[in-house]
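The values are calculated or read from the model by the stated rules, or taken from the named source; none is laboratory data. These figures come from a predicted structure and were not determined experimentally. In this analysis, Cβ positions are derived from the backbone assuming ideal geometry, glycine residues included, and neighbour counts consider all displayed protein chains.
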Amino acid sequence: MDILTSIADGFIGMFQEGADVFMDYMTGIIPLLVTLITAVNTIVKLIGEDRVNANLQKMTRFAILRYTVVPALAVFFFTNPMCYTVGRFLPEKQKPAFYDSAVSFVHPITGLFPHVNSAELFVWLGVAEGYTSAGGNQSQLAIMFLLTGLIVIFMRGIVTERISNRMFKQQGHQEILNAE
């Protein structure tokens, strides 16, 4: 009988844990995201969506800026996961590569700017602890992660853009490739 009671307790406990996580989201990340989305949309409306689009499109003319500076600014200012919404200002053909660059940058920047992706902080702290106990400097490691991250997101952006363009062609979506 104790085994059945333990199984029943474990079963309901699993759902209780899920409910606790859900409530954490409802009182933590969801209000934060709604507030951040509202603030960003307000700023864009005040500046003017056409101006924001024009400035970002100027910046994204060059692949080096499109897949380094723009994702880095998005990740730094809007944090994970809100940073991906900056992709809405890019042409459709560049959105997959921008997303790949931005999602690949949320970990390398965490060593210097933990606010960006607090969920990744435990990973960074584990790596940094091992590095410092081996005699390394945590600040130097954070800078190396950041610089390496910028190189990696640029390479990923270029490769993903080429793959996306090839797939758009193969699937007959020439209008995406021709649109600006």
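Taking the stretch 88-99 as the range and being under 20 Å from ILE151 (Cα atoms) and surrounded by fewer than 21 Cβ atoms within 10 Å (Cβ to Cβ) as the test, the residues that pass are LYS95, PRO96, TYR99.
Do we have any residue at all in the stretch 130-137 that's under 21 Å from PRO71 (Cβ atoms), surrounded by fewer than 18 Cβ atoms within 10 Å (Cβ to Cβ) and not small (Gly, Ala, Ser)? No, the conditions are met nowhere in the stretch 130-137. Of everything listed in (1) farther than 29 Å from LEU177 by Cβ; (2) crowded, with 18+ Cβ neighbours inside 10 Å; (3) modelled with pLDDT of 90 or more, the single unmet condition for LEU46 is (2).
When we screen ARG51, ARG66, ARG88, ARG61 for residues that are in contact (Cβ under 8 Å) with a residue 60 or more places away in the chain and out of contact with any strand residue (DSSP E or B) (no Cβ under 9 Å at 6 or more places or on another chain), the only hit is ARG66.
Among what's in the stretch 4-33 and is at pLDDT below 75 and assigned to a helix (DSSP H, G or I), pick the residue that is farthest from the chain's Cα centre (by Cα). Per the criteria, the residue is TYR25.
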